[in-house]
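Engineer: Quick one: the structure is below, and I'll ask about it shortly.
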There are 4 protein chains.
Amino acid sequence: MGEPHAVYRVEVLFGDCDPARLVFYPRFFEWFDRATWLMFRKAGFEGDALGTVIFPLVDIKSKFIAPVRWGETLEIATTVLEWRRSSFRLLHEGRVGDALRLSSEETRVWSVPYEGGIQPTEIPSRIRAALPVRPGNPGA
Amino acid sequence: MGEPHAVYRVEVLFGDCDPARLVFYPRFFEWFDRATWLMFRKAGFEGDALGTVIFPLVDIKSKFIAPVRWGETLEIATTVLEWRRSSFRLLHEGRVGDALRLSSEETRVWSVPYEGGIQPTEIPSRIRAALPVRPGNPGA
Amino acid sequence: MGEPHAVYRVEVLFGDCDPARLVFYPRFFEWFDRATWLMFRKAGFEGDALGTVIFPLVDIKSKFIAPVRWGETLEIATTVLEWRRSSFRLLHEGRVGDALRLSSEETRVWSVPYEGGIQPTEIPSRIRAALPVRPGNPGA
Amino acid sequence: MGEPHAVYRVEVLFGDCDPARLVFYPRFFEWFDRATWLMFRKAGFEGDALGTVIFPLVDIKSKFIAPVRWGETLEIATTVLEWRRSSFRLLHEGRVGDALRLSSEETRVWSVPYEGGIQPTEIPSRIRAALPVRPGNPGA
């Protein structure tokens, strides 16, 4: 498999965990969102370079293979699976050490403000170029 | 379609929303989890009647059809799709008025504490009986 | 003591709680924020009637008298303590049954958008009139 | 002022922010809690070295001097202000660059599990020794 486009490291602490001492699963989605923004930042896109775009989700498919526990360190590897005209697909894989604990595919829409709401818009070629889909990547 | 097993109503407020004034999507998963626990409560299961069980997720498939906005009222209808030996499948459908805005299928494992962790256990028949899968329900 | 201006009821569920099965304290602040917006809604102010105002915090003083546990029902009574020109003080009191578990005083600024940020503005008299500080209220 | 005992750095991202593009204030308390656990970790205390202790809050006093915005980097400096027998006081100061944006004093109780709940216990001397209150520190 190809190299992920970014890796986001999370120290799993008390406040992330539920009464079973396991990460409460909505936290994973908060971290996937952070991982996504940080992937763009790492590629040079944030603030003015990114503009007013946001990336609402339209589709999620997640597998939780084993729980993540209080005190563990979770590394979330994020990979661009596909660029479409105005949407893109990401894979987030969460590992503790070498063990895959969860993975999640998501489709996000490249969206800009429009008349008090948002609307999809074409993904700029400089974004595609900076985060190319790699031949060895899953889904490619 | 059959009647859902429970409906959870959420007033979408300021703190639920992101800079686009739309619900930040991890909040939906927090609400699905609330909806799940409240469905069991409505059926008479909470505290001692439920015991030490928790319901970790192993699989999620979600569709976000249209965003949910600050100020809207979201109704989450939760339906049991299937009872398996030690896991079950739920459907959460989120509507604003009559419009379906999102739906999410999830598989959860009926789990109890075991040696400092958790392990799956058989779902009691009184639970299945109280929340029967309905012929007209989606997935049935 | 006078009647509070609003009461917000929270079922404390699994996802609100930490590994000690107690409410993780940032959740209380999420609920205080919900309680504040719902107090204005109850008084007739939301959406267009409220306009673009938001209420950022400048000061908080909180006492946590006893923990709130998974499965309990928390009632948060919210009282306006003082209207100033462009800020106001609230008291949130959290009870389980009759027992006071926590209380929090906060000062919020009546703020509107201004040049890409926000700025304080005078609180409209119709707001003050709808939510009068009561003689018997704490702090009055 | 003395050196803080730990500094926790937060990239303020989309999901941390509210419709005004400012950090939604309960997030600060989530970060203060992370900062507290990470301070103990930095001093060598986590997992078995810390045992089953948790640190519930009994008192908070916070000042929000200026909002923190989407895209900013917040540094939270955490300082032990006082060790008491079974409680301790912390100061969290949040800065963006050199500008102090918020500060919060909190009192936490050193607590261990007891009969299905928790109870205060004496703070071990090795903890006090590892995180000494410094003469130049605020509050010292």
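The values are calculated or read from the model by the stated rules, or taken from the named source; none is laboratory data. All values derive from a computational prediction rather than experimental measurement. No Cβ is skipped: glycine too gets one built from the backbone with ideal geometry, and neighbour counts run over all protein chains shown. We work out accessible area using only protein heavy atoms, side chains counted, and drop any ligands, DNA or RNA first. Shrake-Rupley method; radii C 1.70, N 1.55, O 1.52, S 1.80 Å.
Engineer: Against the condition modelled with pLDDT of 95 or more and either surrounded by fewer than 16 Cβ atoms within 10 Å (Cβ to Cβ) or within 9 Å of another protein chain (Cβ to nearest Cβ) (or both), how does A:Lys61 come out, does it pass?
Structural biologist: Details: modelled with pLDDT of 95 or more: yes; either surrounded by fewer than 16 Cβ atoms within 10 Å (Cβ to Cβ) or within 9 Å of another protein chain (Cβ to nearest Cβ) (or both): yes.
So A:Lys61 passes the test.
Engineer: Applying the selection to region D:91-140, what residues are open to solvent by 50 Å² or more (accessible area, probe 1.4 Å) and hydrophobic (A, V, I, L, M, F, W, C)? Talk me through it step by step, then tell me what you get.
Structural biologist: Of region D:91-140, the ones open to solvent by 50 Å² or more (accessible area, probe 1.4 Å) are D:95, D:97-98, D:100, D:105, D:113-116, D:119-120, D:122, D:125-126, D:128-129, D:132-135, D:139-140.
Once the filter is applied, which keeps residues that are open to solvent by 50 Å² or more (accessible area, probe 1.4 Å) and hydrophobic (A, V, I, L, M, F, W, C), region D:91-140 yields D:Leu100, D:Ala129, D:Val133, D:Ala140.
Engineer: Right, next: Could you please give the count of residues in region B:37-50 that are away from chain A (no Cβ under 13 Å) and assigned to a loop (DSSP other than H, G, I, E, B)?
Structural biologist: Total satisfying the criteria: 4.
Engineer: Which of the residues spanning region B:21-32 are without any contact (Cβ under 8 Å) to a residue 24 or more places away in the chain and either open to solvent by 20 Å² or more (accessible area, probe 1.4 Å) or more than 7 Å from chain A (Cβ to nearest Cβ) (or both)?
Structural biologist: Within region B:21-32, B:Phe24, B:Arg27, B:Glu30 qualify.
Engineer: Restricting attention to region B:38-53, and to residues there that are touching a residue at least 12 places away in the same chain (Cβ under 8 Å) and more than 18 Å from B:Thr121 (Cβ to Cβ), which single residue is most open to solvent (accessible area, probe 1.4 Å)?
Structural biologist: B:Lys42
Engineer: Within region D:11-28, is there a residue that is over 30 Å from C:Gly116 (Cβ atoms) and at pLDDT below 95? If you could, list the steps in order and put the result at the bottom.
Structural biologist: Filtering region D:11-28 for residues over 30 Å from C:Gly116 (Cβ atoms) gives none.
Within region D:11-28 (the criterion being over 30 Å from C:Gly116 (Cβ atoms) and at pLDDT below 95), the answer is no, since none of the residues qualifies.
Engineer: Could you check region B:1-27 and list, in sequence order, the residues that are part of a helix (DSSP H, G or I) and in contact with a Pro (Cβ under 8 Å, 6 or more places away or on another chain)?
Structural biologist: Within region B:1-27, the first condition is being part of a helix (DSSP H, G or I), and the residues that meet it are B:14-16, B:26-27.
Within region B:1-27, B:Phe14, B:Gly15, B:Pro26, B:Arg27 qualify.
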